[in-house]
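K.L.:
If you scroll down you'll find the structure; I have some questions about it.
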Amino acid sequence: MSYLITQLMREWGFLLRQKYVVVLLLCSLVLSGFAIYSGLSEISTQQQTIERLKVADQSDRAIVHKKQSDAGMLAYYSFHLTYSQPSNLAFAALGERDIFPWKHRINLLALEGQIYESDAQNAELAQAGKIDFVFVISALAPMVIILLFHDLFASERTSGRHDLLVTTAKSYFALWGARITVRFVAIIVCLMLPFFVGGFIAGASAYEVAYVSLLCIVYLAFWTALSVWWGKNATSAPRVASSLIGLWVLFAFIIPILGDLAINKSVHSPKGGDIMLTQREAVNDAWDLPKSATMQPFIIEYPALAPYIDMKSEFEWKWYYAFQQMGDLKAAELSEAYRDAAAKKYELAGFVSWVSPPLLLQRSLTRTANTDSIAAYAYEQQIRDYHQQLREFYYPWLFYKGDPTKAALENMPLFENTTQSSN
Amino acid sequence: MSINNFSKVVIVAKDEWRYWLRSKLAMTVLAIGLLLTLSSVVVTAITMLELSHDRHELQSNAEQSFVDQPDRHPHRMVHYGHYAFRTPSPLSTLDPGIDAYTGNSIFLEGHRQNSAMFADQRQGTALTKLGSLTPAFIVQTLAPLLLILIGYSSISRERESQTLSYLLAQGTSGITLITGKGLALLSVVGLVIAPLAISALFTVSAGESLLAVASFVVGYALYLTVWVLLILLASSVFSKNSGSFTALAFVWILLCIVMPRVASTSASTAVPSAGKIETDFAVKAELRKLGDGHNTNDPAFKQFKQSLLKKYNVNSIDELPVNFRGLVASESEAKQANVLNQFAELRMQSELKQTQVSRYFGWVSPMVAIRSLSMIVVGTSIETHHRFLRETEQLRFDFVQGLNKIHIEELDYKDDMNRNANAAATKKARVSAQNWQILQDFNFNVDSADVRAQRSVPAFLQLLLWIVVLVGGIKFLGKRLL
């Protein structure tokens, strides 16, 4: 045991004396720290924004409730906040939250006309991408590992010590094993330490932290093994490194880009604009159609409202909202196809990621952190469900109960976000 | 430099090429580089041409379906709305920039400023988070790496194999040697840029100005020159190939992969901008003060009513020669647009500020500099998007007010007030479909080449500064090579 420790201590000493290794390790620590810091601050901004929005949303609606009493006007002017709370792990994997909206306000009008509105961030910044922990581990760490391990054997060879070292060393491990272990542990510590601190601050569960750590360590071990193995018989360190970097470029850029190209060519999705157009045409045509053209299909959906569809004038709110819903219904097929195509693309991207380790890690972590497009579509579904709840709340007032009392408004359904944590 | 020296430089460069032609690594790298650039140019060009075609078609379809609407109450058309599509600029076949992130269509309707919709990224596979197959990405990110792989050993190799002292002893000065190696690497740069330059020249026939094309090509040439200089510098500083290689690979990660993201992350932290929903609360509060344009009895319009009665010298709104409801709609639309535009302007300003902060990082990373230079010159930067938003807002305002004008002049006030009484009354409160011919043809054009060139000046300066500093460093080292 003590023999092992001496070996490790010796290598530790060697490591600290190599300037470029120390620089690499320090840079990894700084980058990982920056990624965690910015991830945490991004998430805390998102949380604060949601809290502010909740307050503003309530007071905004209170004003509408005070000003309007007519059920139709109330529904027209009341907007309702929906949001998707970042999970405890989101700080490490910001995922698609910069592209998909995580906050939305809707009213009772046709949903298809509202749901694609995006509250996007600065597009030029989104295009450059953000630094988060997943990015540091999946894209940068392999490069650092390649730089750390590619010349393990080659450097000793070129300086003529290799054969001497091998013959005098007590065992294979005593020499290479200890060296590899020390470097591997050092890089893991530098990369993961900020994540543990971040996990603690963000209140991630021990299970989540352990799971993410496991994935990351396996991934880093893969690159270490690859670098060591590749460099075993080489004499020229740069040659080893260039092939490894080539492999990295292949995994991180070429395979994903080609995969993306192939998937986009093979999966046909309706154009987003067509959904909006269909919905808009349906809603606008309804004004000129006989009322029954809207009401008949409507009561198939809501048979309980059938006795109340007669209209006294040419305009009544119940008819107005009924044709809004019929507009959604007309666009439903396209809209589903649009979402199905997105799901299909995500699924196919899963197959591609099996041949690209960086992608695989990114996918697994964004899935765990609930920040991928699956999470985004789940949130969209929550908005749809909530919109349905609102319809069910308003319809009785619009159709037969008359204008709601202020007390009744208290019972208006509130959006509840349930995606606190995944799995 | 004398003729003699110049011929020496050429000899060194030729010799470097001979070395590459014999090296499997260099040839593979060169082939991959050319293949990537070529395929990215072709793929992106096809995609953007399709997009451009699609959007032209969608635009004329949208205009046609507007005009084809039946007789209606004019306010129905205000809500029917209209679409505007952004057609990509010719040069954007080489750098689509933020196109995939902003979405490219916008729904225009009364009383609202919608955001652009259906960003491609929302239908994406999440595979291209690190990069996509666009010429811009390939040349900005991967080309430097290829140059490093070919050139890292250009001088350190001579030193390691101890040929450097011979060369210097035989009267080849350090500067000549470095210049020769640099010339060889620059010829590689020429090879990489050639497909880019040729396809850029083709866009001239599609109406792109020569100035933009020239700035674009020169920008990329300067950028890759920075990398050539960095490689020469590292190769002269380090005594070993491995040292020079490790250092260059590390610098590449920092400058090309890390810095752009640090720039965008820092920018969004340094200049926080409230999202659209959050600003909407403030907007709504302001709008509420203006009153509801659908409701002529809204107390907010009392004064407006008085002034109208006075202007036309009548006692009641029934006596007005024009439709009071239309007047209220028009009046309130104008006031609302005013408020909406104020907030939109604020938002754009804060986005510009953010972008500015991220562009400052161009002083520390040539990659950030070329990124902004390229997007600005091509016309796919945030400024162009803002221009699109402003122009579509003008389009929106014009057609809505056009419809309101029809509402005022063509529709009788009594018929209008009576419109919901029965089916016949509803029919009466309509105007002829002939009135829908008010749409202006919408054609989005990016800023003029002059404006784009002007905007790209800081980025050019950033690249030039890099070149000056690096040339200075190399000159200093070249004198004391060994």
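K.L.:
Considering only the range B:374-398, state which residues are crowded, with 24+ Cβ neighbours inside 10 Å and away from chain A (no Cβ under 14 Å).
P.N.:
Correct list: B:Val377, B:Thr392, B:Arg396.
K.L.:
Collect the residues in the range A:89-131 that are buried (at least 23 other Cβ atoms within 10 Å of the Cβ) and on the phi > 0 side of the Ramachandran plot, keeping them in residue-number order.
P.N.:
A:Gly95
K.L.:
Taking the stated definitions as given, is A:Tyr377 among the hydroxyl-bearing types (Ser, Thr, Tyr), surrounded by fewer than 22 Cβ atoms within 10 Å (Cβ to Cβ) and more than 14 Å from every other protein chain (Cβ to nearest Cβ)?
P.N.:
no
K.L.:
How many residues does the range A:231-281 contain that are closer than 30 Å to A:Leu109 by Cβ, out of contact with any Phe, Trp or Tyr (no Cβ under 9 Å at 6 or more places or on another chain) and assigned to a loop (DSSP other than H, G, I, E, B)?
P.N.:
Going through the range A:231-281 one residue at a time, the tally reaches 1.
K.L.:
Does A:Tyr394 satisfy the criteria of being part of a helix (DSSP H, G or I), out of contact with any helix residue (DSSP H, G or I) (no Cβ under 6 Å at 6 or more places or on another chain) and buried (at least 16 other Cβ atoms within 10 Å of the Cβ)?
P.N.:
For A:Tyr394, the condition - part of a helix (DSSP H, G or I), out of contact with any helix residue (DSSP H, G or I) (no Cβ under 6 Å at 6 or more places or on another chain) and buried (at least 16 other Cβ atoms within 10 Å of the Cβ) - is not met.
K.L.:
Somewhere in the range A:71-78, is a residue within 12 Å of chain B (Cβ to nearest Cβ), farther than 21 Å from B:Leu255 by Cα, loosely packed, with under 14 Cβ neighbours inside 10 Å and not hydrophobic (A, V, I, L, M, F, W, C)?
P.N.:
No; the residues of the range A:71-78 include none that is within 12 Å of chain B (Cβ to nearest Cβ), farther than 21 Å from B:Leu255 by Cα, loosely packed, with under 14 Cβ neighbours inside 10 Å and not hydrophobic (A, V, I, L, M, F, W, C).
K.L.:
Do you know which residues across the range B:406-453 are touching a residue at least 24 places away in the same chain (Cβ under 8 Å), acidic (Asp, Glu) and within 13 Å of chain A (Cβ to nearest Cβ)?
P.N.:
B:Asp416
K.L.:
Is at least one residue of the range A:411-419 among the charged types (D, E, K, R) and away from chain B (no Cβ under 14 Å)?
P.N.:
Yes, the range A:411-419 contains at least one residue that is among the charged types (D, E, K, R) and away from chain B (no Cβ under 14 Å).
K.L.:
Consider the range A:60-70. How many of its residues are in contact (Cβ under 8 Å) with a residue 24 or more places away in the chain and more than 12 Å from every other protein chain (Cβ to nearest Cβ)?
P.N.:
So the count comes out to 2.
K.L.:
Out of all the residues in the range B:237-255, which are of a type in the set (Ser, Thr, Tyr) and crowded, with 23+ Cβ neighbours inside 10 Å?
P.N.:
B:Ser242, B:Ser244, B:Thr246
K.L.:
Which fully enclosed helices (runs of 4 or more DSSP H) of the range B:1-112 have 1 or more residues being under 26 Å from the mean Cα position of the chain (by Cα) and surrounded by fewer than 21 Cβ atoms within 10 Å (Cβ to Cβ)?
P.N.:
Fully inside the range B:1-112 and qualifying: B:24-67.
K.L.:
Being over 18 Å from B:Leu108 (Cα atoms) and acidic (Asp, Glu) is the filter; apply it to the range B:315-348 and report the residue that is surrounded by the most Cβ atoms within 10 Å (Cβ to Cβ).
P.N.:
Step by step, filter the range B:315-348, then rank; the result is B:Glu331.
K.L.:
Identify the residue in the range A:295-326 that is within 12 Å of another protein chain (Cβ to nearest Cβ) and crowded, with 19+ Cβ neighbours inside 10 Å and, among all such residues, is modelled with the lowest pLDDT.
P.N.:
So in the range A:295-326, the residues within 12 Å of another protein chain (Cβ to nearest Cβ) come out as A:311-317, A:319-320, A:324.
Those still in the list that are crowded, with 19+ Cβ neighbours inside 10 Å too: A:314, A:317, A:319-320, A:324.
Working: A:Glu314: 82, A:Trp317: 91, A:Trp319: 92, A:Tyr320: 93, A:Gln324: 93.
It comes out as A:Glu314.
K.L.:
Name every residue in the range A:135-164 that is free of Cβ contacts under 8 Å to residues at least 60 places away in the same chain and either in a helix (DSSP H, G or I) or facing chain B (nearest Cβ under 8 Å) (or both), in order of residue number.
P.N.:
A:Glu156, A:His162, A:Asp163, A:Leu164
Residues checked against (1) more than 7 Å from chain A (Cβ to nearest Cβ); (2) at pLDDT below 90; (3) in a helix (DSSP H, G or I):
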position: B:Ala234; (1), (2), (3): yes, no, yes
position: B:Gly243; (1), (2), (3): yes, yes, yes
position: B:Leu248; (1), (2), (3): yes, no, yes
position: B:Val251; (1), (2), (3): yes, no, yes
position: B:Ala263; (1), (2), (3): no, no, yes
position: B:Ser268; (1), (2), (3): no, yes, yes
position: B:Ile277; (1), (2), (3): no, yes, yes
position: B:Val283; (1), (2), (3): yes, yes, yes
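K.L.:
OK, next. Using the structure shown, decide if A:Val209 is buried (at least 20 other Cβ atoms within 10 Å of the Cβ), aliphatic (A, V, I, L, M) and over 22 Å from A:Leu31 (Cα atoms). Steps first, please.
P.N.:
Details: buried (at least 20 other Cβ atoms within 10 Å of the Cβ): yes; aliphatic (A, V, I, L, M): yes; over 22 Å from A:Leu31 (Cα atoms): no.
Judged against the criteria, A:Val209 is not a match.
K.L.:
Still on this structure, I have one more. Return a yes/no flag: does the range A:335-355 have any residue that is acidic (Asp, Glu), out of contact with any helix residue (DSSP H, G or I) (no Cβ under 7 Å at 6 or more places or on another chain), under 30 Å from A:Met311 (Cβ atoms) and surrounded by fewer than 19 Cβ atoms within 10 Å (Cβ to Cβ).
P.N.:
Within the range A:335-355, the subset acidic (Asp, Glu) is A:336, A:340, A:347.
The next check asks that each one be out of contact with any helix residue (DSSP H, G or I) (no Cβ under 7 Å at 6 or more places or on another chain); those that pass are A:336, A:340, A:347.
Checking the rest, the ones that are also under 30 Å from A:Met311 (Cβ atoms) come to none.
No: the range A:335-355 contains no residue that is acidic (Asp, Glu), out of contact with any helix residue (DSSP H, G or I) (no Cβ under 7 Å at 6 or more places or on another chain), under 30 Å from A:Met311 (Cβ atoms) and surrounded by fewer than 19 Cβ atoms within 10 Å (Cβ to Cβ).
K.L.:
Moving on. Does B:Ala433 meet the test of being in contact with a Pro (Cβ under 6 Å, 6 or more places away or on another chain) and surrounded by fewer than 17 Cβ atoms within 10 Å (Cβ to Cβ)? Spell out the reasoning first.
P.N.:
Details: in contact with a Pro (Cβ under 6 Å, 6 or more places away or on another chain): yes; surrounded by fewer than 17 Cβ atoms within 10 Å (Cβ to Cβ): yes.
Criteria met by B:Ala433.
K.L.:
Could I ask something else about it? What single numbered condition from (1) touching a residue at least 24 places away in the same chain (Cβ under 8 Å); (2) more than 30 Å from B:Gly478 (Cα to Cα); (3) outside any helix (DSSP H, G or I) fails to hold for B:Asn297?
P.N.:
If we test B:Asn297 against (1) touching a residue at least 24 places away in the same chain (Cβ under 8 Å); (2) more than 30 Å from B:Gly478 (Cα to Cα); (3) outside any helix (DSSP H, G or I), just (1) comes out false.
K.L.:
Another question, if that's okay. Evaluate the range A:96-116: report whether one residue or more is more than 17 Å from the chain's Cα centre (by Cα), within 11 Å of chain B (Cβ to nearest Cβ) and without any contact (Cβ under 8 Å) to a residue 40 or more places away in the chain.
P.N.:
Scanning the range A:96-116, I find at least one residue that is more than 17 Å from the chain's Cα centre (by Cα), within 11 Å of chain B (Cβ to nearest Cβ) and without any contact (Cβ under 8 Å) to a residue 40 or more places away in the chain, so the answer is yes.
K.L.:
So how many residues does the range A:6-38 have that are within 9 Å of chain B (Cβ to nearest Cβ) and not polar (S, T, N, Q)?
P.N.:
Adding up the residues that qualify gives 7.
K.L.:
On to the next question. If we keep just the residues of the range B:147-182 that are under 29 Å from A:Ile245 (Cβ atoms) and outside any helix (DSSP H, G or I), which is farthest from the other protein chains (Cβ to nearest Cβ)?
P.N.:
Taking the candidates together, the pick is B:Thr163.
K.L.:
Go through the range B:343-371 and count every residue that is under 17 Å from B:Leu142 (Cα atoms) and assigned to a helix (DSSP H, G or I).
P.N.:
Residues in the range B:343-371 being under 17 Å from B:Leu142 (Cα atoms) and assigned to a helix (DSSP H, G or I): 6 in total.
K.L.:
Before we move on, is B:Leu465 more than 14 Å from every other protein chain (Cβ to nearest Cβ), in a helix (DSSP H, G or I) and either hydroxyl-bearing (Ser, Thr, Tyr) or within 30 Å of B:Gln356 (Cβ to Cβ) (or both)? It would help to see each step written out before you state the result.
P.N.:
Numbers: more than 14 Å from every other protein chain (Cβ to nearest Cβ): yes; in a helix (DSSP H, G or I): yes; either hydroxyl-bearing (Ser, Thr, Tyr) or within 30 Å of B:Gln356 (Cβ to Cβ) (or both): yes.
Judged against the criteria, B:Leu465 is a match.
K.L.:
Just need a number here: residues in the range A:122-134 that are more than 7 Å from chain B (Cβ to nearest Cβ) and not in a helix (DSSP H, G or I).
P.N.:
Result for the range A:122-134: 1.
K.L.:
Filter the range B:301-329 for residues that are in contact (Cβ under 8 Å) with a residue 24 or more places away in the chain and in contact with an Asp or Glu (Cβ under 9 Å, 6 or more places away or on another chain) and give the result.
P.N.:
Correct list: B:Phe301, B:Phe304, B:Val322, B:Asn323, B:Phe324, B:Arg325, B:Gly326, B:Val328.
K.L.:
Report, ordered by the first and then the second residue, all pairs with beta carbons closer than 7 Å, sequence separation of six or more or different chains, a first member in the range B:94-121 that is more than 9 Å from chain A (Cβ to nearest Cβ), and a second member that is outside any loop (DSSP other than H, G, I, E, B) and at pLDDT below 75.
P.N.:
Hits for this filter: B:Ile106/B:Met117.
K.L.:
Can you name every residue in the range A:166-184 that is surrounded by 13 or more Cβ atoms within 10 Å (Cβ to Cβ), not aromatic (Phe, Trp, Tyr) and not in a loop (DSSP other than H, G, I, E, B)?
P.N.:
Across the range A:166-184, the qualifying residues are A:Val166, A:Ala174, A:Leu175, A:Gly177, A:Ala178, A:Arg179, A:Ile180, A:Thr181, A:Val182, A:Arg183.
The values are calculated or read from the model by the stated rules, or taken from the named source; none is laboratory data. All values derive from a computational prediction rather than experimental measurement. Note that each Cβ is placed from the backbone with ideal geometry, even for glycine, and that neighbours are counted across all protein chains shown.
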